[in-house]
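Enquirer: Could you have a look at this structure, given as structure tokens, before my questions?
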Amino acid sequence: MIILIFNLVAAILFSLDYKKTSLVLFIISFISLFFMENKFYNLMLYFSSGLVFNIIFVFIVFLYNQSKNKIC
Amino acid sequence: MLRKLHSYIGIYVCWLLFVIAFFGSVSYFRNEINFYMQPTLHEKSKFTNAIDYNELKNAINFAQDKYKNYDFISIKTPSYFNNIYEINFYNFNSSKGERKTNITYYNNEELPKTNTLGAKFLTSIHYKLLPINGGLKDVFEAIVSIFAIGIMFLYLSGIFIWNKKNFNKINTKNELVKLFDFHIVVGLFIGAFLFILAFSGIGLNYLKDIEKLFTNDTNKQVKNIKMPDIDKDFVFNTENIISAAKDLNKDEFIITLNKSKKEFSIALNKSKDIMTTFNTKNNHTYVFDNEANLKQSLKETKLSLISSFYEIFFNIHRVPFADFKLNFILFLCGIVTCLFIYKAMLLASKKHKDKLLYKAIAYAAFYPCLNATLVYFIFNKLLQNINLEQIAFYIVFIVSIILSFIFAKKEKILYLVSMFILFILVVVDLVFSSLNLVVICFDITALIMICIFYLNLKKGKQ
């Protein structure tokens, strides 16, 4: 669950252009893996959630920008 | 040069890549699909969280009584979405097919089965294109592997030709820029996911064969296995089994009664503790004698180098240990992958001055996969005939490909066809299935898809 929360926050920051902060969060999340049980499971969770959250939030920001442009 | 190669290889492999990715994504929910395609079970199914040991006791007693002539009986506890026990029974000399198909469902009474291949049919399309066995299966597996190499090439070439600037923004300037940015952002992330899956998929197909090349151990092939003397009338003490299961205190497991050795085992089928180190495989099977004395607990097996890689690839690709959370995230990755491949084909069309052929290829990948799967579900509910549902799948798949080429210019007709099939599925579910967690989730997904199609239809009109 910690991994998911870290990745979620990192992905939101990534989509808002705070690339370095999000990278730090992704690294912290990765390091926390080594202190957990079921490493293989958590590694799968880390990579898949990291990839998909980034895409989802970039897409949400894109939709927001698109709707803003239309209103303007 | 690399740019052209990326573009042309991409265009010509995308159709099959989409089919492989679509059915691969679907197979993350193979257990749920199997249950969804058993409408005869839905009425007796209810959502439970904790295991009921009284019901487990009834299931073991029923299995021992009904299948007393079988050497092995296994009882699988209910999944998170239902309260139904799965009983599997087979003999020492039963064929692989019999071992897989001798299944009964039980919930304080024997429940009728629906005659279907379920998710197995859809999954087989993912790795061998057609549900066939024998020599042709190897050929189709080889084709899928070649396309997997294609994915790896596309990702690596994509990285090389990428300008390394923009990777977290999709510009809203015009349709071409939108598609191009989407291709870069999504491709960068989901390409890594695809690359890993393609690599592990090839490993799964061929690592065992490679290992055979390097090992000359013929002693392993045991010929003429002697049938042990089995006491068919032997009955296990159910109380002992229940107390052993209670001591383990787990939610999901499989109890296997072995009459030949007069022992029973409890396997934790969803254990997340798979590999502690690179070359160690954890076997979460606890073996007990008839008196419930523990004979073997968690077993660590040392693996050879190739076996270690095979085990890693198997766990990455098949995720047998995944719970709902991981399956759902991987499924989302799969859906994004499908969207990425579809949009990549539309980008190719846009780049080539709206070339209709590329657009038609994109439609001929997406709509047949979706429509045929939906019709497969509908026929399963309506007719409950294993052959007819597969024939319906193929017919709709081919018809949808033809429609995609005919109506490449009028996409709204393709939207309407898919919306109609989705609507029929929801209606059929309401009529033929009792509402339970899995059916409701499937129907909500169908309704969301109808909404997406409807919004696209409205957008098209504007």
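Enquirer: Being open to solvent by less than 60 Å² (accessible area, probe 1.4 Å) and not in a helix (DSSP H, G or I) narrows it down to one residue among B:Ser434, B:Ser404; which is it?
Expert: B:Ser434
Enquirer: Take B:Tyr310 and decide whether it is within 25 Å of the chain's Cα centre (by Cα), away from chain A (no Cβ under 14 Å) and under 21 Å from B:Phe18 (Cβ atoms).
Expert: No.
Enquirer: Let me ask something else about it. Looking at the stretch B:364-395, which of its residues are open to solvent by 30 Å² or more (accessible area, probe 1.4 Å) and under 17 Å from B:Leu416 (Cβ atoms)?
Expert: Of everything in the stretch B:364-395, just one residue is open to solvent by 30 Å² or more (accessible area, probe 1.4 Å) and under 17 Å from B:Leu416 (Cβ atoms), namely B:Phe366.
Enquirer: Output the number of the condition that B:Lys250 fails; it satisfies all remaining conditions of (1) part of a helix (DSSP H, G or I); (2) modelled with pLDDT of 80 or more; (3) charged (D, E, K, R).
Expert: (1)
Enquirer: Still on this structure, please answer the following. Tally time: how many residues in the stretch B:88-105 are open to solvent by 70 Å² or more (accessible area, probe 1.4 Å) and more than 30 Å from B:Ile202 (Cα to Cα)?
Expert: 1
Enquirer: Being surrounded by fewer than 18 Cβ atoms within 10 Å (Cβ to Cβ) and of a type in the set (Val, Ile, Thr) is the filter; apply it to the stretch A:45-60 and report the residue that is nearest to A:Leu8 (Cα to Cα).
Expert: A:Ile56
Enquirer: Something else now. If you check B:Ile361 against the conditions, is it out of contact with any Pro (no Cβ under 7 Å at 6 or more places or on another chain), of a type in the set (Val, Ile, Thr) and either without any contact (Cβ under 8 Å) to a residue 12 or more places away in the chain or buried (at least 16 other Cβ atoms within 10 Å of the Cβ) (or both)?
Expert: Details: out of contact with any Pro (no Cβ under 7 Å at 6 or more places or on another chain): yes; of a type in the set (Val, Ile, Thr): yes; either without any contact (Cβ under 8 Å) to a residue 12 or more places away in the chain or buried (at least 16 other Cβ atoms within 10 Å of the Cβ) (or both): yes.
Judged against the criteria, B:Ile361 is a match.
Enquirer: Please return the ranges of helices (runs of 4 or more DSSP H) entirely within the stretch B:106-214 where 3 or more residues are away from chain A (no Cβ under 14 Å), open to solvent by less than 30 Å² (accessible area, probe 1.4 Å) and among the aliphatic types (A, V, I, L, M).
Expert: On the way: elements: B:119-128, B:135-161, B:175-214.
Here the list reads B:119-128, B:135-161.
Enquirer: Those residues that are closer than 20 Å to B:Ile398 by Cα, open to solvent by 40 Å² or more (accessible area, probe 1.4 Å) and either modelled with pLDDT of 85 or more or polar (S, T, N, Q) (or both), I need them from the stretch B:1-35; list them, please.
Expert: B:Trp15
Enquirer: In addition: Take the residues in the stretch A:4-39 that are within 12 Å of another protein chain (Cβ to nearest Cβ) and over 27 Å from B:His183 (Cα atoms); name whichever of them is most open to solvent (accessible area, probe 1.4 Å).
Expert: It comes out as A:Glu37.
Enquirer: Go through the stretch B:403-443 and give me each residue that's aromatic (Phe, Trp, Tyr), under 27 Å from the mean Cα position of the chain (by Cα) and farther than 15 Å from B:Asn380 by Cβ.
Expert: Once the filter is applied, which keeps residues that are aromatic (Phe, Trp, Tyr), under 27 Å from the mean Cα position of the chain (by Cα) and farther than 15 Å from B:Asn380 by Cβ, the stretch B:403-443 yields B:Tyr415, B:Phe420, B:Phe423.
Enquirer: Examine the stretch B:289-296 for a residue that is open to solvent by less than 20 Å² (accessible area, probe 1.4 Å) and either under 30 Å from B:Val428 (Cβ atoms) or more than 11 Å from chain A (Cβ to nearest Cβ) (or both), and state whether such a residue exists.
Expert: no
Here's the yes/no breakdown for (1) more than 21 Å from B:Lys178 (Cβ to Cβ); (2) more than 12 Å from chain A (Cβ to nearest Cβ); (3) not acidic (Asp, Glu):
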{"site": "B:Asn327", "(1), (2), (3)": "yes, no, yes"}
{"site": "B:Ile335", "(1), (2), (3)": "no, no, yes"}
{"site": "B:Phe340", "(1), (2), (3)": "no, no, yes"}
{"site": "B:Leu347", "(1), (2), (3)": "no, yes, yes"}
{"site": "B:Lys350", "(1), (2), (3)": "no, yes, yes"}
{"site": "B:Leu356", "(1), (2), (3)": "no, yes, yes"}
{"site": "B:Lys359", "(1), (2), (3)": "no, yes, yes"}
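Enquirer: Further question on the same structure: Out of all the residues in the stretch B:407-431, which are of a type in the set (D, E, K, R) and in a helix (DSSP H, G or I)?
Expert: Result: B:Glu411, B:Lys412, B:Asp429.
Enquirer: Kindly list the number of the only condition in (1) of a type outside the set (Val, Ile, Thr); (2) surrounded by fewer than 16 Cβ atoms within 10 Å (Cβ to Cβ); (3) under 26 Å from B:Ser200 (Cβ atoms) that fails for B:Ser79.
Expert: Here B:Ser79 meets the rest and fails (2).
Enquirer: Based on what the data block shows, is B:Phe379 without any contact (Cβ under 8 Å) to a residue 24 or more places away in the chain, within 19 Å of B:Gln38 (Cα to Cα) and within 21 Å of the chain's Cα centre (by Cα)?
Expert: Taking the combined requirement at face value, the residue satisfies it.
Enquirer: May I ask you to say which residue of A:Asn42, A:Asn69 is out of contact with any Pro (no Cβ under 6 Å at 6 or more places or on another chain), within 11 Å of chain B (Cβ to nearest Cβ) and open to solvent by less than 80 Å² (accessible area, probe 1.4 Å)?
Expert: Answer to the check: A:Asn42.
Enquirer: Take the residues of the stretch B:50-62 that are without any contact (Cβ under 8 Å) to a residue 60 or more places away in the chain and of a type outside the set (D, E, K, R): which is surrounded by the fewest Cβ atoms within 10 Å (Cβ to Cβ)?
Expert: My answer is B:Asn54.
Enquirer: Only residues in the stretch A:36-64 that are within 18 Å of B:Ile312 (Cβ to Cβ) count as the first member; pair them with residues that are among the basic types (Lys, Arg), Cβ under 6 angstrom, at least 6 apart or cross-chain, and list the lot.
Expert: Close Cβ pairs satisfying both conditions: A:Asn38/B:Lys272; A:Tyr41/B:Lys272.
Enquirer: Let me ask another. Restricting attention to the stretch B:36-49, report how many residues are hydrophobic (A, V, I, L, M, F, W, C) and crowded, with 18+ Cβ neighbours inside 10 Å.
Expert: 2
The values are calculated or read from the model by the stated rules, or taken from the named source; none is laboratory data. Treat the numbers as computed from the prediction; the structure is a model and nothing was measured. Positions of Cβ are backbone-derived with ideal geometry, glycine not excepted, and every protein chain shown enters the neighbour counts. The protein model used for the area step is the full one, side chains on, heavy atoms only, and it has no ligands, DNA or RNA in it. Shrake-Rupley method; radii C 1.70, N 1.55, O 1.52, S 1.80 Å.
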